[in-house]
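Undergrad: Take this structure, written in structure tokens, and hold onto it; I'll ask about it next.
The values are calculated or read from the model by the stated rules, or taken from the named source; none is laboratory data. Keep in mind the model is a prediction, meaning the values are calculated, not measured. Every residue, glycine among them, receives a Cβ derived from its backbone with ideal geometry; neighbour counts consider all protein chains shown.
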Amino acid sequence: MSEPETPLHAPPNEQLDLSNIKELDENDMTDLDLVSEIENPESRNSNSKPESKREFTEDEDMYDDVDDFKPRINIGSPFNSSTDMGQLGSSQNSGRPRGRLSLSQQSKFIAYLDEQLMNIQRKFVQSRGLNAENGYSGLAPLLQDLKSVIDFIWYSIDGTTPNTEKLLTQDVSEISVDQFESSKSTYFGQTAYLMRVADDIMDYTEKFDLDQLDFHEKGSVVTKLFKLLFILDHIFARLLDGTIPGRTKMNLTDAVRMRAIAERTRTRLPRYLGQKQVHGYHYEVSKIYEESLERCSG
């Protein structure tokens, strides 16, 4: 195969005569595609990259709304519509904490809790289709049963608050350890059951579909869910501070486990709400286990 001829070059030390350079004719210009962009502006656009169009901007507009970062839940409202928060506050301010349960009472306490948690699990399984009429009709009644268990556990610790809705009206940072200086300890490991409930909440919640609920029903269920988490946050924060009778604090092992549960919940709940098209609770999401996690990291 013959090699192409080498183009002619000017000899060394010889200047080029720029006035004697042959100009390209119109056909040569066309072949080289050097038509002026001014004359044919579309030629530049035809070779440029296609403009990328961003999708799902509707979600961005919705999530960037400043109103979504304002509280949507009235913490002072009752967990149940039948609860009188005014009467609840006055009736639970009096009374002195009881002492620790005896060993036989502790055994009965544990047996009762195991039975209640088993009943909740059984009704949950039945609601999945095995025996739907005897199971939970929705998430709301299940949350109510879990709250009843939390009420029972907290009353065994606090001794003066049989309804944990009262905790939603209290600022946990204003409760001093000195208030319990002369009190007797009521703690015998109840944290284990509180963490069991906290760990089960999202496992149960994620199995329920909210699509069949109307706007107000959906809002009511979501409100109960957040309030239940806020109640647990208050309780865990006080256990970490030792602001309970006897000033007993949560041990390090329980604190590590509680922190893991709290962080998982903060991740899973927003994902669940997004899947169920429930938006606008950014403020409440930011408050999930906020008090407890602050104490764990301190």
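Undergrad: Quick check on segment 203-211. Is at least one of its residues of a type outside the set (Val, Ile, Thr), part of a loop (DSSP other than H, G, I, E, B) and in contact with an Asp or Glu (Cβ under 9 Å, 6 or more places away or on another chain)?
TA: In the first step, residues of segment 203-211 are kept if they are of a type outside the set (Val, Ile, Thr); the result is 203-204, 206-211.
Checking the rest, the ones that are also part of a loop (DSSP other than H, G, I, E, B) come to 206-211.
Next cut, in contact with an Asp or Glu (Cβ under 9 Å, 6 or more places away or on another chain) only: 210.
Checked against the condition, which is being of a type outside the set (Val, Ile, Thr), part of a loop (DSSP other than H, G, I, E, B) and in contact with an Asp or Glu (Cβ under 9 Å, 6 or more places away or on another chain), segment 203-211 yields at least one hit.
Undergrad: Might you check whether a residue that is within 25 Å of the chain's Cα centre (by Cα), surrounded by 16 or more Cβ atoms within 10 Å (Cβ to Cβ) and not aliphatic (A, V, I, L, M) occurs anywhere in segment 177-186?
TA: Kept after step one, since they are within 25 Å of the chain's Cα centre (by Cα), are these residues of segment 177-186: none.
No, that holds for no residue.
Undergrad: Also: Restricting attention to segment 124-150, which residues are assigned to a helix (DSSP H, G or I), free of Cβ contacts under 8 Å to residues at least 24 places away in the same chain and surrounded by fewer than 17 Cβ atoms within 10 Å (Cβ to Cβ)? Break it down stepwise before answering.
TA: Residues of segment 124-150 that are assigned to a helix (DSSP H, G or I), as a first pass: 124-130, 132-134, 139-150.
Now drop any that are not free of Cβ contacts under 8 Å to residues at least 24 places away in the same chain, which leaves 125-127, 129-130, 132-134, 141.
Across segment 124-150, the qualifying residues are 125, 126, 129, 130, 132, 133, 134, 141.
Undergrad: With respect to the numbered conditions (1) surrounded by fewer than 17 Cβ atoms within 10 Å (Cβ to Cβ); (2) in contact (Cβ under 8 Å) with a residue 40 or more places away in the chain, which one is the sole condition not fulfilled by residue 216?
TA: (2)
Undergrad: Shifting gears a bit: Condition check: in contact (Cβ under 8 Å) with a residue 40 or more places away in the chain and of a type in the set (D, E, K, R). Does residue 224 satisfy that?
TA: Numbers: in contact (Cβ under 8 Å) with a residue 40 or more places away in the chain: yes; of a type in the set (D, E, K, R): yes.
So residue 224 passes the test.
Undergrad: Which ones in segment 101-148 are among the hydroxyl-bearing types (Ser, Thr, Tyr) and either touching a strand residue (DSSP E or B) at 6+ places or on another chain (Cβ under 6 Å) or over 28 Å from residue 189 (Cα atoms) (or both)?
TA: Hits for segment 101-148 are 127, 136, 137.
Undergrad: Right, something else. When you scan segment 215-230, do you find a residue that is in contact with a Phe, Trp or Tyr (Cβ under 6 Å, 6 or more places away or on another chain) and either at pLDDT 95 or above or of a type in the set (A, V, I, L, M) (or both), even just one? Write out each step before concluding.
TA: Our first condition is that a residue be in contact with a Phe, Trp or Tyr (Cβ under 6 Å, 6 or more places away or on another chain); within segment 215-230, this holds for 227.
Keeping just the survivors that are either at pLDDT 95 or above or of a type in the set (A, V, I, L, M) (or both) gives 227.
Yes: one or more hits.
Undergrad: From the residues in segment 241-298 that are among the aromatic types (Phe, Trp, Tyr) and assigned to a helix (DSSP H, G or I), which one is modelled with the lowest pLDDT?
TA: Residues of segment 241-298 among the aromatic types (Phe, Trp, Tyr): 272, 281, 283, 289.
Now narrow it down to the ones that are assigned to a helix (DSSP H, G or I): 272, 283.
Numbers: 272: 96, 283: 93.
This residue is 283.
Undergrad: Taking the residues in segment 241-265 that are in contact (Cβ under 8 Å) with a residue 24 or more places away in the chain and of a type in the set (Lys, Arg) as candidates, determine which candidate is nearest to residue 157 (Cα to Cα).
TA: Checking each candidate, the answer is 247.
Undergrad: Turning to a different aspect of this structure: Answer with yes or no whether residue 113 is aliphatic (A, V, I, L, M), in contact (Cβ under 8 Å) with a residue 40 or more places away in the chain and out of contact with any helix residue (DSSP H, G or I) (no Cβ under 6 Å at 6 or more places or on another chain). Full working, then the answer.
TA: Numbers: aliphatic (A, V, I, L, M): yes; in contact (Cβ under 8 Å) with a residue 40 or more places away in the chain: yes; out of contact with any helix residue (DSSP H, G or I) (no Cβ under 6 Å at 6 or more places or on another chain): no.
No, not satisfied.
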